[in-house]
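The values are calculated or read from the model by the stated rules, or taken from the named source; none is laboratory data. The structure displayed is predicted, hence computed values, not measured ones. Virtual Cβ from ideal backbone geometry, glycine too; neighbours counted across all protein chains shown. The protein model used for the area step is the full one, side chains on, heavy atoms only, and it has no ligands, DNA or RNA in it. Shrake-Rupley method; radii C 1.70, N 1.55, O 1.52, S 1.80 Å.
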Amino acid sequence: MKFCLLNALIAATALLISCGARQTEQTQAHIEGGLEHYVYKDSTDRVDIELDITVPIAADSASALVRDSLIKVIDSEFCYIWGDTRVMQSYSGEDNSLKAIIDYYGSNALKVFNKGAEEDYNDRMQYLAEDTTITPEERQQRMQDTPRWEYSTKIEQTYETPKYTVFEHNSYQYQGGAHGGVGGYGTLTFDSAGKKIEHFFIDGAASKMQKLLLAGLIDYFSDNDGRKLTQEDVMQWLQIENNQIPLPVRAPYLSADGLVLTYQQYEIAAYAAGMPSFILPYKDVMPYLTDEVKALLRE
């Protein structure tokens, strides 16, 4: 009986949706100011995906290094889009254009996500077919209301000086749950030779910066709460060990106004806290930065 009910539900749902993938591929390419920008969009009946990527044109050795680093970010993101399991091979085509590379990762990521979304849809269908507390009309409506999966990723240049350039990588993923999740590598800073800056803080900086970190978090939570909070108020928000505030996992952002620190969802607080972010004046944070970073900031 359950098998017949499931087959009936499949047939009824099939009448309401198109068969196979709903291909809506859209691509946009743009070159300006030494940067190449490419957007890839596509979808199926279950998934929407978008890659919005900006990288330097390889005009010299420095820009070629930056470009290569950003392409490796995309490769790492999509080859291991679900944890430590490789889901696709790295791009190995002869065409090294940004379009060819992003088309490869975009189309393969769509297949990976569509497979997961189809499995999720079938699981929901099986569950509803076995649920005897709802009517056939309710089953059909709930299947129509099955949320679409989404994945988007973006790399953009956010800041540039004669000594360094900053790109930022962010992604968003939704797999039909209560809410989606924000990810990505965050801020990527490169010096004028194209070298990526890996270390921003000296050893032991976090323990020496507790007052600065706490002051920044007080400002963040006060702005979001609408009132000036106390140290005790903020510490109650945090989910940290030994009351020691860690430095963010993501690298900081060297902005014109100061050093921007941003924590990820769940990194130091609950999901409702968002992504705590604040600016530390360079005059306050300079003693805790590496010599390499100080050189970038020195006039």
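Quick one: angle between helix 61-79 and the longest Cα principal axis of the chain, in degrees between 0 and 90, rounded to 10, please.
Around 40 degrees separate the two axes.
Would you look at the GNM of the chain, springs on alpha carbons closer than 10 Å, and say which of Ile81, Ile134, Ile71 moves the most?
Maximum among the listed residues: Ile134.
Give me the dipole magnitude in Debye, nearest 20, for the stretch 184-234 about the Cα centre, with unit charges on the beta carbon: positive for Lys and Arg, negative for Asp and Glu. Before the final figure, lay out each step's value.
Values: 6 positive and 8 negative charges, 31 e Å.
So the dipole magnitude of the stretch 184-234 works out to roughly 140 debye.
If you add up the charges near Leu213, with Lys and Arg at +1 and Asp and Glu at -1, over every other residue whose beta carbon is less than 12 angstrom from its beta carbon, what do you get?
Values: positive: Lys208, Lys211; negative: Asp219, Asp284.
Surrounding charge for Leu213 is 0.
Against the longest alpha carbon principal axis of the chain, how many degrees, from 0 to 90 and to the nearest 10, is the axis of helix 2-14 turned?
70
Rounded to whole Å, give me the distance from the Cα center of the stretch 129-206 to that of the stretch 219-276.
After rounding, the separation between the Cα centres reads 19 Å.
Can you send over the solvent-accessible area of Val55, 1.4 Å probe, protein chains only, in Å² to the nearest 10?
0
Nearest 10 degrees is fine. How inclined is helix 210-225 to the longest principal axis of the chain, computing both from alpha carbons?
It works out to around 50 degrees.
Cβ under 13 Å from Ser255's Cβ, Ser255 left aside: what net charge do those residues give with Lys, Arg +1 and Asp, Glu -1? It would help to have the intermediate numbers written out before the result.
Details: positive: none; negative: Glu160, Glu168, Asp257.
Combined, the nearby Lys, Arg, Asp and Glu give -3.
Residues with amide H under 5 Å of Gly176's amide H, sequence separation 5 or more or different chain, H placed in the peptide plane at 1.01 Å from N; which?
Glu150
Going by amide H atoms built from the backbone, whose H comes under 5 Å of the H on Ile81, apart from near neighbours?
It is Val87, by chain and number.
Mind sorting out which of (i) 20.0, 62; (ii) 23.5, 77; (iii) 21.5, 70 is the real Rg and Dmax of the Cα atoms in Å computed from the coordinates?
Computed from the coordinates, Rg and Dmax of the Cα atoms in Å corresponds to (ii).
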